[in-house]
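The values are calculated or read from the model by the stated rules, or taken from the named source; none is laboratory data. Given the structure is predicted, the values throughout are model-derived calculations rather than measurements. In this analysis, Cβ positions are derived from the backbone assuming ideal geometry, glycine residues included, and neighbour counts consider all displayed protein chains. In case anyone asks, the SASA skips ligands and DNA or RNA and just uses the protein heavy atoms, side chains included. Shrake-Rupley method; radii C 1.70, N 1.55, O 1.52, S 1.80 Å.
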Amino acid sequence: MNLKVVGKVFDLLQIAPPSRLILLEAQTLASAHVPPFPLDLPVLFTNIDSQEIALQLKSVLLTTYPKEHQVFWVENERRRQESITAMSVSDFSENTYLYVPPLGEGTSFESFAEIVAHLRAPNGCPWDREQTHESLRKHLLEESYEAISAIDSGDFTDMREEFGDLLLQVVLQSQIANEENQFNVNQVIQGIHSKIVRRHPHVFGDLKVEGVEGVLSNWEKLKEKERGKKKDGKGLLDGVPLALPALSQAQEYQDRAARVGFDWPEIEGVLDKVKEEIEEIKNAETDFELASEIGDLFFALVNVARWKHIDAESALRGTNMKFKKRFAYVEQGAKRQERNLSELSLEEMDVLWNEAKKQGL
């Protein structure tokens, strides 16, 4: 595009041309789902020559920008300002432009990566500069669990904060790897981008699959091919992290085995297995046998959850929280009576427990 035209557009906008500007033809967003540019930079869209492309622009911008964010139209050498949610245009031509001001500092992934790199720089933070992949391992684990807790709470404000903390761990680990000339965060993104495209030929290619089961079955076939190319001797279950919580690990093992046909034909077999394991627990004669049979029972119960499309780990976490809330109610009941919890009889605690259940705790 002729830079003189850009200058003319900003003259009409009565805005000084920014030192940095993203210049895009509106058609660039024709098949986009989110804005394909950093939000902390101003953008000028050109050639908005149809109502269809104008509506697509509005739809894409609203996925990320606040609905009240102000934008500026230039059409037929006239300037008009309005919010994104009110976006409309009457005349469409190759001379119709839309200027979108930046959201502000710290609203793009690139600016976040720069902040993290600054923390690790010689003039950065002493604590961050001392960190290694190994020293950050516990923080990555903690932030992962805190993110899960936020999801369980249903509190979207907490979720947003915890996802940010988790993102920091990913970017910081990538920055450390970059300093060691191993890989950088862009390669991390490129790697997962390529993997997603490769493993979704039914979306990004011409493969036809039937429903979710077809998707998962084809997913395992693709992963099997990838494992064969690596020639590292790893099997279907080797990709499941050993550090996963036991219930999640069990369900993932079962899921992966089922995708290649290793599964009960009907759920009745699964339920019979649970009954069988209970009987084996009753008949266990040594501590070792008892521990082994209890483990088998847990594994069988996880399989029931899998068959019923329930996440076993989340189900147990939910029950744990329910127990915690009800027990806290019992404790508060003892305090209201000015007694220690240990002074209550089991029957008295049961009364308070049932009160908690009636209150929906």
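Pairs of lysine residues in the stretch 136-281 that meet both criteria, 8 or more places apart or on different chains and Cα atoms under 24 Å apart, total 18.
On the beta carbon distance between Lys308 and His200, with R0 = 41 Å, the FRET formula returns roughly 0.95. Each residue of the stretch 183-192 was assigned a 3J(HN,Hα) from its phi angle through the Karplus curve 6.51 cos²θ - 1.76 cosθ + 1.60 (θ = phi - 60°); the sequence is 6, 10, 5, 5, 5, 4, 5, 4, x, 6 Hz, with glycine and proline shown as x. Which residue, chosen from Val34, Ile53, Pro17, occupies the Cα position most advanced towards the positive end of the dipole of the stretch 1-58, where the dipole is computed from +1 (Lys, Arg) and -1 (Asp, Glu) charges on Cβ about the Cα centre? The one lying farthest along the dipole's positive direction is Pro17. Accessible surface computed residue by residue for the chain, with neighbouring protein chains in place and a 1.4 Å probe, gives 65 Å² per residue.
Evaluating 6.51 cos²θ - 1.76 cosθ + 1.60 at θ = phi - 60° for every residue in the stretch 12-22, the Karplus couplings come out as 5, 6, 6, 10, 5, x, x, 5, 10, 8, 9 Hz, glycine and proline recorded as x. Using C-alpha pairs under 8 Å with a sequence gap of at least 6, the mean separation divided by the residue count of the chain gives a relative contact order of 8 percent.
Split the accessible area of the chain by element, probe 1.4 Å, and carbon with sulfur accounts for 55%. Based on the Cβ-Cβ distance from Lys229 to Thr319, what FRET efficiency comes out when R0 is 45 Å, to the nearest 0.05? Efficiency computed from Cβ-Cβ geometry: 0.60. Coupling constants for the stretch 214-222 follow from the phi torsions by the Karplus curve (6.51 cos²θ - 1.76 cosθ + 1.60, θ = phi - 60°), and in residue order they are x, 4, 5, 5, 5, 4, 5, 5, 5 Hz; glycine and proline get x. Approximating the spin labels as points 7 Å out from Cα along Cα→Cβ, the Ser144-to-Lys208 distance works out to 4.0 nm. Within the straight-line cut-off of under 16 Å between alpha carbons, the aspartates and glutamates reachable from Lys357 are Glu331, Glu347, Glu348, sequence neighbours fewer than 8 places apart in one chain being disregarded.
For the chain, modelled as a GNM whose springs connect Cα atoms under 10 angstrom apart, the maximal fluctuation among Arg80, Arg198, Arg339 occurs at Arg339. Please identify, among Gln332, Gln56, Gln70, the residue showing maximal mean-square fluctuation in a Gaussian network model of the chain using a 10 angstrom Cα cutoff. With Cα springs under 10 Å in the chain, the top fluctuation among Gln332, Gln56, Gln70 is at Gln332.
Semi-axis lengths, largest first, of the ellipsoid equivalent to the stretch 250-342 are 35, 19, 10 Å, with √(5λ) applied to each eigenvalue of the Cα gyration tensor.
Between the helical axis of 51-62 and the longest alpha-carbon principal axis of the chain there is an angle of about 50 degrees. Which residue fluctuates most in the GNM of the chain (Cα springs below 10 Å): Arg78, Arg336, Arg256? Fluctuation is largest for Arg336. Where Lys and Arg each count +1 and Asp and Glu each count -1, what net charge lies around Gln251 among other residues with Cβ under 14 Å from its Cβ? Result for the local shell: 0. Taking label positions 7 Å along the Cα-Cβ direction at both Glu161 and Ala30, the computed distance is 4.5 nm, reported to one decimal. Between helix 267-283 and the chain there is an angle of about 40 degrees, using the helix long axis and the longest principal axis of the Cα atoms. Computed extension gain for Cys125 through Lys67, at 0.36 nm per residue and net of the alpha carbon distance, reaches 17.2 nm. Size descriptors for the chain (Cα atoms only): Rg and Dmax, in that order, 28.6, 90 Å.
Rounded to the nearest 10 degrees, the angle from helix 287-307 to the longest Cα principal axis of the chain is 40 degrees. Subtracting the Cα-Cα distance of Glu179 and Leu361 from their residue separation scaled by 0.36 nm leaves 60.5 nm. Mind jotting down the distance between the C-alpha centroids of the stretch 158-195 and the stretch 39-105, whole Å? Cα centroid of the stretch 39-105 versus Cα centroid of the stretch 158-195: 32 Å apart. Remark: spin-label model distance Val351-Gln14 equals 7.7 nm, labels positioned 7 Å along the Cα→Cβ axis.
As a calculated quantity, the FRET efficiency between Leu341 and Glu279 at R0 = 25 Å, using C-beta atoms, amounts to about 0.10. Counting only DSSP H runs of at least 4 residues, each contributing -39500 (n - 2.57), and dividing by the residue count of the chain, the helix-based mean residue ellipticity at 222 nm comes to -19000 deg cm²/dmol.
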